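> Could you have a look at this structure, given as structure tokens, before my questions?
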Amino acid sequence: MELVNHLNDRLLIAIPKKGRLYEKCSKILKDSDIYFKKNPRLDIALGTNLPIAIIFLRAADIPTFVNNGKCILGITGVDEVQECEQNDQISLAMDLNFGNCKLQVQIPENSETIHTVEDLIGKTIVTSFVNLTKQYFMKLENCTDVTQLKTKVLYVGGSVEASCALGVADGIVDLVESGETMRACGLKAIETLLSTSAHLIENEEKIKELSEDLQKLTKVIKSRIQGVLTAQKYVYCNYNAPQENLPALLKITPGRRAPTISKIDDEGWVAVSAMIERKRKGDIMDDLVSNGASDIMVFEISNCRV
Ligand SMILES: Nc1ncnc2c1ncn2[C@@H]1O[C@H](COP(=O)(O)OP(=O)(O)OP(=O)(O)O)[C@@H](O)[C@H]1O
Ligand SMILES: O=P(O)(O)OC[C@H]1O[C@H](OP(=O)(O)OP(=O)(O)O)[C@H](O)[C@@H]1O
């Protein structure tokens, strides 16, 4: 109870307490220099360097808490936001580039009677995403009222993939990342309902009602997280170059705004530094070599504000 009394005047941020998103959420907060002290028995942790409180919830419950404004910010999958019945107050503030997977219709790969989603009409589907599944089959069946739905949609909270083998379902709707779970269960995808990833979500209306200080804090937190995402996307590239080759080399490394060019103690040579896209760094380094650059080094960026 004591902790609850410390929540006034703090910004409440909901993150998953377990599951696929937990580790990466904790890491992104740490990398953003957002620190908190958690008692393992409690699902609320107070920030140690900022006036925040981290609320640990099931990923599926986070949209509800952000939608009703109890928590101002949250991290969860887009799938959970779309599945949540009340989500009209939620905005997707930032794609965090993890938790990438697809919500798919899966059927037994050796089924003789079911080959397409149309074949599942009137059959039984097991899923943790009852609302999205019903919405999908309502469209497929061309019905406007859920009570007219011929397809039976049953909820289970986990291990959805076991339902066909157990004879409970004719098909399932579940999340797929590598596809290994479904392959191991003898299932195959026949339709994708949604591609999802973890997002920072926010309640913009509630942010407007916060004190000026907490509104500023919301911006600071978003800017810190954005800084970590940018740092993940770029690396810092440094090289030496003959001055006359600069026009060609700067086309290869134009930098985000502009590259830094410094004099070095070698007549006719300069040093160039620029942020480059991580995923292109191999090609960029090859191109720099071909265009006369030398002493090329690439450094990690742990955080940045650009
Ligand atoms: N295989 C996966 N690969 C990547 N992201 C996933 C995967 N499975 C789930 N996710 C993402 O993580 C979110 C939480 O799923 P997860 O299965 O970890 O929940 P959970 O906390 O174990 O669930 P519950 O609280 O119902 O037991 C999903 O909504 C989705 O956005
Ligand atoms: O395509 P893959 O990489 O194999 O991942 C897919 C699996 O991951 C999720 O379940 P999770 O392991 O989180 O547990 P759950 O079944 O309890 O939801 C999902 O429900 C699948 O079972």
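The values are calculated or read from the model by the stated rules, or taken from the named source; none is laboratory data. Just so it is clear, the structure is predicted and the values come from calculations on it, not from any experiment. With ideal geometry, Cβ positions are generated from the backbone for all residues, glycine too; neighbour counts draw on all protein chains shown. SASA here: full protein model, heavy atoms, side chains in, ligands and nucleic acids out. Shrake-Rupley method; radii C 1.70, N 1.55, O 1.52, S 1.80 Å.
> Which condition number does Asn8 fail, the rest of (1) touching a strand residue (DSSP E or B) at 6+ places or on another chain (Cβ under 7 Å); (2) surrounded by fewer than 17 Cβ atoms within 10 Å (Cβ to Cβ); (3) more than 23 Å from Gly227 (Cα to Cα) being met?
Status for Asn8: all satisfied but (1).
> Taking the options Ala248, Ala271, name whichever one is in a helix (DSSP H, G or I), farther than 30 Å from Leu200 by Cβ and out of contact with any Asp or Glu (no Cβ under 6 Å at 6 or more places or on another chain).
Answer to the selection: Ala248.
> Only residues in the range 1-29 that are of a type in the set (A, V, I, L, M, F, W, C) count as the first member; pair them with residues that are at pLDDT below 90 and buried (at least 16 other Cβ atoms within 10 Å of the Cβ), Cβ under 6 angstrom, at least 6 apart or cross-chain, and list the lot.
none
> Right, another one. Residues in the range 108-129: is at least one closer than 30 Å to Leu210 by Cβ and surrounded by 15 or more Cβ atoms within 10 Å (Cβ to Cβ)?
no
> While we're looking at this one, here's another question. Only one residue in Asp119, Asp61 is in the same structural domain as Gly186 (by TED's automatic domain parsing) and either touching a residue at least 60 places away in the same chain (Cβ under 8 Å) or out of contact with any Pro (no Cβ under 7 Å at 6 or more places or on another chain) (or both), so which one is that?
Criteria check complete, one pass: Asp119.
> Moving on. Looking at the range 1-107, what strands (runs of 3 or more DSSP E) fall wholly within it and have at least 1 residues that are near ligand 1 (Cβ under 10 Å from one of its atoms)?
11-16, 52-57, 73-77
> Considering only strands (runs of 3 or more DSSP E) fully contained in the range 153-210, which possess at least 2 residues that are more than 13 Å from ligand 2 (Cβ to nearest atom) and of a type outside the set (Gly, Ala, Ser)?
Per the criteria, 187-196, 198-202.
> Being modelled with pLDDT of 95 or more, part of a helix (DSSP H, G or I) and outside the structural domain of Pro51 (by TED's automatic domain parsing) narrows it down to one of Ile276, Ile284, so name that one.
Ile284
> Among residues belonging to the range 141-155 that are open to solvent by 50 Å² or more (accessible area, probe 1.4 Å) and touching a residue at least 12 places away in the same chain (Cβ under 8 Å), point out the one that is nearest to Glu118 (Cα to Cα).
The qualifying residue nearest to Glu118 (Cα to Cα) is Lys150.
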